[in-house]
Amino acid sequence: MRPQPSYRGRFAPSPSGHLHFGSLITALASFLDAKKNNGTWLVRIEDIDPPREKIGASEHILKTLEAFGLHWDETVLFQSKQSDYYFQVIKELFKEGHCYYCSCTRKQIKTIGGIYQGHCRSLNIEKSNSAIRVINNHGIYQYHDLIQGNIKCEQALAEEDFIIFRKDGLFAYQLAVVADDIYQNISHVIRGCDLLEPTARQLSFYPLLENIQLNNFQLKNSPPTFGHIPLVVTEQGYKLSKQNKAPAIDNSNPQPALMAALTLLGQQPPKELISENVNEIIKWAINHWQIDMVPKKREIQLT
Ligand code: GLU
Ligand code: ZN
């Protein structure tokens, strides 16, 4: 029997802005679930999209996590430092015949209904100005989510040959996230419901990486367990996001936001806890964390 892998969780923000309340909840949930399970909790900065990056955002995110008592184990991994590894993965995928260059434009794909139909699969297109897609013959479109239960995604979308390297020369999120979840040996991914559908693609990607041998380690192909927490929306139903200027949270007064986050996550912190220091609140939250209490909804309203 294989030894039971120990729990390794992670929070993986993109530095496209400061941490807002919605991402704080994600960080908190993944931290608490890891710590409740005596696990290791990692932070990975997903800085693979320089045009969308805000200067100073990474530092600010890390400072906020610390101010909220969310202390990570091991060194923070920056995806911008992982390029050699990603290129190696792509090279191996080519060797195994699992990917190909694609020169189709977004407009062309839109005219055929928005879902890519594998047009360039057998065209042997040249490298320049092309994206790279994986051959996704066994797209997974159903999976069990630790929080939301059985998830069914749109099959056609789940079976699409998705992009792992962009035309503009940047690594695609799907490649980097799966490559690094493997690299960091992540066993559990707790994150927001905006990633419910992309999870299907990530699950489809693991089997393609099965036989790939990199310098010193074999990529293991068992995907992590996924759990998706509801997205926090405003009373008007808008998603809190960096885009709609959700307020940055106050690092000098973390208690009220922590209490609100715990309550939204379905935990029931006693009112008096608010006058305790952050470490006491976090200690309470770890001891009392019950993932089953997290609402099984895709959205929850901020009141
Ligand atoms: N970097 C992604 C984001 O901030 C999250 C990636 C993940 O948790 O898998 O939306
Ligand atoms: Zn194409």
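List of remarks:
- In region 36-79, the portion of solvent-accessible area held by carbon and sulfur atoms comes to 51 percent [1.4 Å probe, whole percent, DNA, RNA and ligands not counted].
- Around the Cα centre of region 88-216, unit charges on the Cβ atoms of Lys, Arg, Asp and Glu (plus for the first two, minus for the last two) sum to a dipole of about 480 debye.
- Distance distribution P(r), region 149-225, all Cα-Cα pairs, bin width 10 angstrom from 0: 16, 49, 31, 4 percent.
- Amide H within-cut-off set for residue 225, under 5 Å, with H built and near neighbours excluded: 188, 189
- For the chain, the relative contact order comes to 22 percent (Cα pairs under 8 Å, sequence separation of at least 6).
- On full extension, the segment bounded by residue 81 and residue 145 gains 20.0 nm, given 0.36 nm per residue less the C-alpha separation.
- Carbon + sulfur, % of accessible area of region 85-186 - ligands and nucleic acids excluded, 1.4 Å: 50
- Antiparallel %, DSSP beta bridges [both residues in the chain], to 5: 50
- Over region 85-192: Kirkwood hydrodynamic radius from C-alpha pairwise inverse distances, Å: 15.3
- Accessible area per residue for region 153-303 is 48 Å², calculated with a 1.4 Å probe on protein heavy atoms, without ligands, DNA or RNA.
- With both labels modelled 7 Å from their Cα along Cα-to-Cβ, the residue 296 to residue 154 distance reads 2.5 nm.
- Size descriptors for region 122-261 (Cα atoms only): Rg and Dmax, in that order, 18.2, 58 Å.
- Antiparallel %, DSSP beta bridges [both residues in region 95-246], to 5: 70
- On region 254-303, 51 percent of the accessible area sits on carbon and sulfur atoms, based on a 1.4 Å probe.
- Values of log10 I(q)/I(0), in the order q = 0.14 Å⁻¹, for the chain under a Debye, Cα-only, solvent-free model: -1.12
- Globularity index of region 60-100 is 1.84 (Cα radius of gyration / 2.2 N^0.38 Å, N = number of residues).
- Positive-end residue of 117, 203, 148, charge dipole of region 90-207 with Cβ unit charges: 117
- Under a model in which nothing but the beta-carbon of Lys, Arg (+1) and Asp, Glu (-1) is charged, the chain shows a dipole of about 520 debye around its Cα centre.
- Here, region 1-52 yields an orientationally averaged convex hull projection of 4.6 nm² when only Cα atoms define the hull.
- With protein chains left intact and a 1.4 Å probe, residues in region 52-118 average 60 Å² of accessible area per residue.
The values are calculated or read from the model by the stated rules, or taken from the named source; none is laboratory data. Note that the structure is predicted; figures quoted are calculated from it, not measured. Every residue, glycine among them, receives a Cβ derived from its backbone with ideal geometry; neighbour counts consider all protein chains shown. We work out accessible area using only protein heavy atoms, side chains counted, and drop any ligands, DNA or RNA first. Shrake-Rupley method; radii C 1.70, N 1.55, O 1.52, S 1.80 Å.
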